[in-house]
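Computed from the coordinates by the stated procedures, all read-outs in this text should not be read as laboratory data. Being a predicted model, the structure only gives us computed values, none of them experimental. Glycine also receives a Cβ, built like all others from the backbone with ideal geometry; neighbour counts cover every protein chain displayed.
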Amino acid sequence: MKRVVAALYPRTLATSLALPMDVLRAASQAASAQHRGQPQLEFLVAATSPQAVETVGGLSVQPDISLAEIGSCDMLLLPAMWRNPQPILRQQQPWLPVLQSLAEAGTSICSVGTASCFLAEAGLLDGQAAATHWNYFEEFQQRYPRVKLKRHHLITQSGNLYCAGSVNSIADLMIHIVEDWFGSRIARAVESQFSPEIRRPFRAHAYQSSDDALHQDELVLTAQQWLQDQYHESISLSELAARLDCSPRTLSRRFKAVTGQTPSQYLQKQRLAAATELLRATNLSVGEIAWQVGLHDVSYFTALFRKQRGQTPAKYRLSVRAKLFNPKL
């Protein structure tokens, strides 16, 4: 079971707490159906005081546990703060050693908006990439000059530390977490319930520090980059291995060892991601999209898409277009 703890402090934006909770609990319910109804996630709220805390919108939230009771967890969520975060940071100093301890233990820590200041105050972002709310770029940069602020990215990842610059982008990040924890099928099912038409895949717009890559195998990194660039071409394992001056068996073994998937599975994901964007953003037919992403058998493409997203390309496009806002109507 995954254990998620959300921090609670004054001037918390309720949506930055409730939206991740809704996404993760929806994923947990979907996953539990595959495990005979067994709960797959525990979501708790922690605060420095046992008293209820009123959020900016007036919603009163009662913490479940104290900081001392957090213990080990898979993810800690730091919700966004309304307006200037510095008064809250000064008031909530007991959180800093907790963050340092959890980060050292490998817990994924996700901050929303100005909550990235908590990570910076704890010294966890020194020399690391970070995002924050656009309105506090200058103040953040002046106060934390050692942090690599990424002004053009709404999401950053530095190892186990994630920063989402806005409440909307935390939904993208949560879908990414759901996919890591419960698999792509559940992630796509949950995504379809949370405005898929305004989402972009995590890897398409998140900044991930190169020195925090999931692996350091140069052969595989080169293979991944080539597959990302050439996904629309007809590619064979033998051809790719020849380009990298190794045997197909060596490439396949090393690729799976560090990524958990075969080169063909990785290529398939690149193609389906590109196809999804084309279904959202263009009027190309399903057949034309299949050809553009290197899948020349439309039936095979449709079967792959349905397996990943739980619906055909045509139905996916229909569900997306049905929700698009048209000011002329």
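Descriptive notes on the structure:
- Karplus-derived 3J(HN,Hα) values for region 133-141, using 6.51 cos²θ - 1.76 cosθ + 1.60 with θ = phi - 60°, are 5, 4, 5, 10, 3, 5, 4, 4, 5 Hz; glycine and proline are entered as x.
- Computed helical MRE - 222 nm, the chain, DSSP H runs ≥ 4 contributing -39500 (n - 2.57), nearest 500: -14500 deg cm²/dmol
- Sorting His296, His152, His133 from the fewest to the most surrounding beta carbons within 10 angstrom yields His152, His296, His133.
- Under-5 Å amide H pairs with Ala80, H placed in peptide plane, nonlocal only: Leu13, Ser16, Val112
- Net charge of the neighbourhood of Gln141, taken over other residues with C-beta under 15 Å away and scored Lys/Arg +1, Asp/Glu -1, is +1.
- Across region 115-166, Cα-Cα distances exceeding 17 Å account for 18% of all pairs.
- Close lysine pairs were tallied over region 214-323: pairs 8 or more places apart or on different chains with Cα atoms under 17 Å apart number 4.
- Amide hydrogen neighbours beyond the local backbone of Lys2, cut-off 5 Å, H modeled: Leu41, Glu42
- The fewest-to-most ranking of Thr250, Thr15 by surrounding Cβ atoms within 10 Å reads Thr250, Thr15.
- Here is what passes the span test in the chain: the DSSP H helices with alpha carbon length of 18 Å or more along the helix axis and a Kyte-Doolittle mean of -0.5 or above are 14-32, 167-182, 263-281.
- Debye intensity ratio in log₁₀ form over the Cα atoms of region 61-155, taken at each q of 0.12, 0.14, 0.15 Å⁻¹: -0.37, -0.50, -0.57
- Gain on full extension, evaluated as 0.36 nm per residue between Asp126 and Glu138 minus their Cα-Cα distance, stands at 2.6 nm.
- Around Val61: net Lys/Arg minus Asp/Glu count, Cβ-Cβ under 13 Å: -1
- Distance between the 7 Å Cα→Cβ label points at Gln265 and His152: 3.4 nm.
- All Cα pairs of region 214-323, percent lying beyond 20 Å: 44
- Global dimensions of the chain from alpha-carbon coordinates: Rg and Dmax equal 21.4, 64 Å.
- Ranked Trp226, Trp181, criterion: other C-beta atoms within 10 Å, fewest first: Trp226, Trp181
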